[in-house]
Amino acid sequence: MCGIFAITSNKRNNIGEILVECAEKLTYRGYDTVGIATVYKNRIHLRKDKGKFNEVAEKLRLNEMRGSKGIAQLRWATFGAPSKINAQPHLDCDEDLCAAHNGNILNFLPLREQYTEEGHTVRSMNDGEICVHAVERYFDQTGDLLEAIRSGCGDLKGDYAFAVMHRDDDKIYAVKMGSSLFAGIGVGETCVSSDLPSILPVTREIINIHDGEMVILSPQSLEIRRIADGEPIERKPYTSDADIRVAQKGGYPHFMLKEIHEQVSATRTLFSAIREPYISQFVETLVKAERVFYVACGSSYHATVVGSYYLNDLANIAAIPVIGGQFNSLYGESIGENDVVICVSQSGETKDVIDVVHHAKTRKAKILSVVNVLGSTLTHLSDLYLPMGSGFEISVPATKTYTSQVTLFNFLATKAGERKGILTPKTAESLISELKTQLPSLIDETISTTTLKARALAPYLSKYSHFYVLGHGLTHGVALEGALKIKEVCYIVADGMYSSEFKHGPLSIVDEGYPIIFTIAPNDAEHIVNHLAEVECRGARIIATGEDHPLLRHYVKNDDFLVVPPSSQYLSPILQAIPLQLIAYHLATYKNIDPDYPRNISKTLTVR
Ligand code: M6R
């Protein structure tokens, strides 16, 4: 949710150009409002409005903004409706200071009242504005901006990061208190951002900023200090080898389609990203645990549902998949030092997951995690993490990261099964070799063979405002994931369910022609046949993903059967998710919805 990018430079006067180029790469974090503030001739110039980045940037000619330092913000609205007045950055009362934030200031309303009583002019209903007034409040007393920021942070409750600048100098200050923040050191310029891709046009020399730290940017240098006591912190930059082309569409009409295709390479890069001894340490911790919990949200949660099936099947380990926001109320009191919590997150910033980590740490549980964004909060908090190595995922709907997660869970369960003697080394080797050598080409083949059928279904499915996606056993998580993709990018209530549950109520919805999508693992065709029969005899139109099978052919017409290539059943949760992603993608574009930026949501949700 929300993205900030700020830069100070001694080699640019038209700072708007680089602000636009870099901030545009944060579009997936928020597209309710956009704003840029620059300092030019000791005055703050502010342009902002409601709308998506490119529309606002063009309308307000943001790239023409003059000056040598500036702050950009892209907002995903929580406090305050998406409107020009609530757009960030915000000015202080006398327009000397300007700030923009990412995250939530939970005591925004009482502070708004307090500051207003003290004489501040708080113009908006957006919690981000309170950051600039919190700083101003102390700055007016001391004239020391660094100290004012430290004191201002003492007023604010919540998880946030903000950047603030004064019109009279060349510095920008940024703090990290729970939301992500990365700093970059270029030649004659330094910058900060909520995420790495936006820094790469400026520099590859990166410093990860940690919670409780502030960074002071000047064109020539960058300084980190602890907010609590102001003490300086030494940290060396590293050189990012991230591929910037990944943050571009590369000829595809949308990032979503590009990322669906990138699943072929993502399953390869995963295996070069994970390393020994971390893999063995991860597996060892897992097999020794009294209880294992998988904790995640959204698509990452659906991947963990599949992961739990893998651990049961391949390693006889009962792993409980739990939705991040639910964990503390379900297991918070019983979690203890012999338990392992495996947190799974593309962004590594999802607040519902981070809250679990904070709590589980107080109970001394071990925190393992699987994360895509390195340097994210989850990587800092975990006892041990494994990277997903998927590269940047720009499109709001997760696709390639779901696939990398499921692939990794398959691999880890196989390793755990071997470690426990449940799988012979030969069986484990053959399962791993299938993942490493066959999976990429099977994904490629699946995309080629199912694309046309997925696209052809769009006119029919678009006539329905609701339908079901049903899975069984290993494909349960796939059904949940396929339904989420359709809801998220097509604005259709697709309900993902366990197929045996359907007869316990929802079956009453079925009438002539009603769409039901089944996703069927190869060894499940015979189990699921009565689920197919009970909807078919009531007139449902069955659409299915699965391997070719005579039983399924009986219930599913050729055009509605999105056949995946033969493989071991353990690959089916990966291969079968792909036709569902393609159905969602083509249905969205058929409905003229931009699947990369579905309305109302954001890729990174740093709020509870
Ligand atoms: O970054 P995370 O994996 O923690 O994100 C979790 C969910 O917010 C995310 O998977 C969301 O559900 C996706 N937009 C779904 O496509």
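The values are calculated or read from the model by the stated rules, or taken from the named source; none is laboratory data. Given the structure is predicted, the values throughout are model-derived calculations rather than measurements. Cβ coordinates were reconstructed from backbone atoms using ideal geometry, including for glycine residues, and neighbour counts include every protein chain displayed.
Quick notes on this one:
- Flag for Tyr278 being of a type outside the set (A, V, I, L, M, F, W, C), closer than 22 Å to Asn338 by Cα, within 16 Å of the ligand (Cβ to nearest atom) and within 25 Å of the chain's Cα centre (by Cα): no
- Every residue from the range 315-352 that is in a helix (DSSP H, G or I) and under 29 Å from Met177 (Cα atoms): Gly324, Gly325, Gln326, Phe327, Asn328, Ser329, Leu330, Tyr331, Lys351, Asp352
- Of all residues in the range 338-355 being among the charged types (D, E, K, R) and either touching a Pro at 6+ places or on another chain (Cβ under 7 Å) or over 11 Å from Asp159 (Cα atoms) (or both), the one that is nearest to the ligand (Cβ to nearest atom): Asp352
- The helices (runs of 4 or more DSSP H) located wholly in the range 247-314 that include 3 or more residues which are under 30 Å from Leu200 (Cα atoms), in the same structural domain as Ile367 (by TED's automatic domain parsing) and at pLDDT 95 or above occupy 255-261, 263-273.
- Condition check for Glu488: modelled with pLDDT under 95 and in a helix (DSSP H, G or I): no
- Just so you know, in the range 83-128 the residues that are surrounded by fewer than 18 Cβ atoms within 10 Å (Cβ to Cβ) and under 27 Å from Glu55 (Cα atoms) include one that is farthest from the chain's Cα centre (by Cα), and it is Glu95.
- Applying the condition of being within 11 Å of the ligand (Cβ to nearest atom) and of a type in the set (S, T, N, Q) to the range 579-608 and asking which residue is nearest to Leu562 (Cα to Cα) yields Gln581.
- One residue stands out in the range 10-40 among those that are surrounded by fewer than 23 Cβ atoms within 10 Å (Cβ to Cβ) and over 24 Å from the mean Cα position of the chain (by Cα): the one that is modelled with the lowest pLDDT, namely Asn13.
- Residues satisfying the stated conditions in the range 124-173, i.e. of a type outside the set (A, V, I, L, M) and in a loop (DSSP other than H, G, I, E, B): Ser124, Asn126, Asp127, Gly128, Gly143, Asp144, Lys157, Arg167, Asp168, Asp169, Asp170, Lys171
- Contacts under 7 angstrom Cβ, first residue in the range 390-416 being outside any loop (DSSP other than H, G, I, E, B), partner among the charged types (D, E, K, R) and within 13 Å of the ligand (Cβ to nearest atom), 6 or more apart: Lys400/Glu259; Lys400/Glu393; Thr401/Glu393; Tyr402/Glu481
- Test result for Ser376, touching a residue at least 12 places away in the same chain (Cβ under 8 Å), buried (at least 24 other Cβ atoms within 10 Å of the Cβ), farther than 22 Å from Gly482 by Cα and within 14 Å of the ligand (Cβ to nearest atom): yes
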